[in-house]
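See structure below.
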Amino acid sequence: MKYSIIVAVYNRIDEVKELLESAEKLDFPRQDFELFFVDDGSQDGFKDFIESYPSPSGLNTRAVYQKNQGPGAARNNGMAHSDSDYFIFVDSDCMFPPNYMAELDKRVKDFDACGGPDTDHPSFSPLLKAISYSMTSFIGTGGTRGKSEKVGKFYPRSFNMCVSRKVYETIGGMNKLRHGQDMDFSAQIVEAGFKTGLIKDAFVYHKRRTSISKFYRQIFNWGVARINLGRLHPSLSKPVHFLPAMVVIGIAFLALLSIIFYQYAALIWSIIGIGFGAVCLFAFIESGIKNKSIKIGFLSIITLNIQVFAYGFGLLKALWQTKILRRKEAQGFVKNYYSKKKLESR
């Protein structure tokens with residue numbers, strides 16, 4: 001087998017069904033790839049479903065099962081049980097365009113590890129399209145997720161990542177870092193001297209989180225992950241990553257000034273309002289034009305602000321844990337990651 005598409009699964013049977021539906025339409029020889037699911041202790045009937053799945057297009061599907069250990073351990077398990085030349089990682093909440101494998105195959109030999117961008121599908125809800133905008137636009141990420149093949153070092157991410165067997169045999173799998181395992185893995189690949197690259201036409205449709213609260217928790221953990229990653233790989237800490245935290249601190253500082261110098265409070269909040277309004281207006285216009293929807297434009301204002309503040313709060317929380325409390329690894333949402341229960345503290 002040339003490719004193993006490894007999908008870590010944990011109680012996501014509905015997402016798996018959508019992923020498989022898109023995989024059936026992949027325009028690529030069936031003998032050259034497989035969909036390899038690693039079930040991380042699901043209790044939603046996934047095992048019965050996948051073992052009785054009748055592929056109408058002749059997809060090669062198989063699965064292995066493990067106790068719940070997290071996505072990194074699941075992906076490692078997949079690589080350990082595969083003899084393919086390349087391992088492709090996609091998240092269970094992704095879908096493939098028909099030409100995904102063909103586009104990847106055109107250029108995969110140019111790199112030791114590579115990946116593609118993610119985007120929204122026409123069928124996604126307005127909220128999901130707004131989330132996609134905030135997570136892929138320059139104003140939302142500062143270009144760090146860029147879609148250009150000319151941006152600095154490219155660090156593939158696990159929603160759309162391909163690594164060669166040589167990479168795996170040289171550096172092994174992902175470590176036990178709770179947040180940011182895929183970026184740590186990519187950093188190890190780069191630091192080992194392997195060539196990485198972006199294949200912009202090998203994109204996936206990424207459904208991401210399905211509610212505001214879940215989106216907040218995901219982005220909060222990204223802020224936490226940035227500190228952990230920076231401690232392991234200093235090259236991954238760039239000024240742009242600290243901008244959301246600076247926004248949080250800046251607003252808090254200005255709020256304090258408006259209390260101390262109350263006579264200037266109106267001026268201070270006017271300055272904040274003008275800056276805030278300009279950013280929101282830009283997001284509204286850009287997203288509204290891109291999606292041809294006023295509603296999505298308005299929702300993008302909400303998701304963009306959630307992204308900035310959640311990331312900033314997560315980063316500050318991680319700094320508190322590592323710099324003040326002297327913890328070796330910062331922790332964000334771990335237990336009840338996708339529920340409304342509060343943060344686990346350790």
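We did not get these values from a lab; they are worked out from the coordinates using the rules stated. Keep in mind that this is a model prediction, so the values were computed, not measured. Cβ sites come from the backbone with ideal geometry, for glycine too, and all protein chains shown count toward neighbours.
Observations on the model:
- Each of the peptides 184-191, 269-276 was scored by the mean count of other Cβ atoms within 10 Å over its residues; in descending order, highest first, they stand as 184-191, 269-276.
- Under 12 Å from the Cα of Lys195 - aspartates and glutamates, other chains or at least 8 residues apart: Asp110, Asp112
- Dividing the helix sum by the residues of the chain, where each DSSP H run of 4 or more adds -39500 (n - 2.57), gives a mean residue ellipticity at 222 nm of -14500 deg cm²/dmol.
- Phi-based couplings in Hz for the range 4-15 (Karplus 6.51, -1.76, 1.60; Gly and Pro marked x): 10, 8, 9, 10, 7, 10, 8, 6, 10, 4, 5, 5
- For the chain, modelled as a GNM whose springs connect Cα atoms under 10 angstrom apart, the maximal fluctuation among Tyr264, Tyr311, Tyr86 occurs at Tyr264.
- With a Förster radius of 51 Å applied to the beta-carbon distance between Ala80 and Leu281, the computed FRET efficiency rounds to 0.50.
- Of Ser55, Ser132, Ser287, the one that fluctuates the most in a GNM where the chain has Cα springs shorter than 10 Å: Ser55
- The range 7-80 and the range 168-203: distance between their alpha carbon centers, rounded to Å: 21
- Using alpha carbons only: equivalent-ellipsoid semi-axes of the range 51-200, gyration tensor based, whole Å: 23, 22, 17
- Counting only Cα atoms, the size of the chain along its three principal axes is 73, 48, 41 Å, in decreasing order.
- Based on Cα contacts under 8 Å between residues 6+ apart, the range 228-324 shows a relative contact order of 31 percent.
- Gaussian network model of the chain, springs between alpha carbon atoms under 10 Å - residue of Pro97, Pro239, Pro117 with greatest fluctuation: Pro239
- Based on Cα contacts under 8 Å between residues 6+ apart, the chain shows a relative contact order of 18 percent.
- Computed over the range 228-324, the convex hull of the alpha-carbon atoms projects to a mean area of 8.1 nm².
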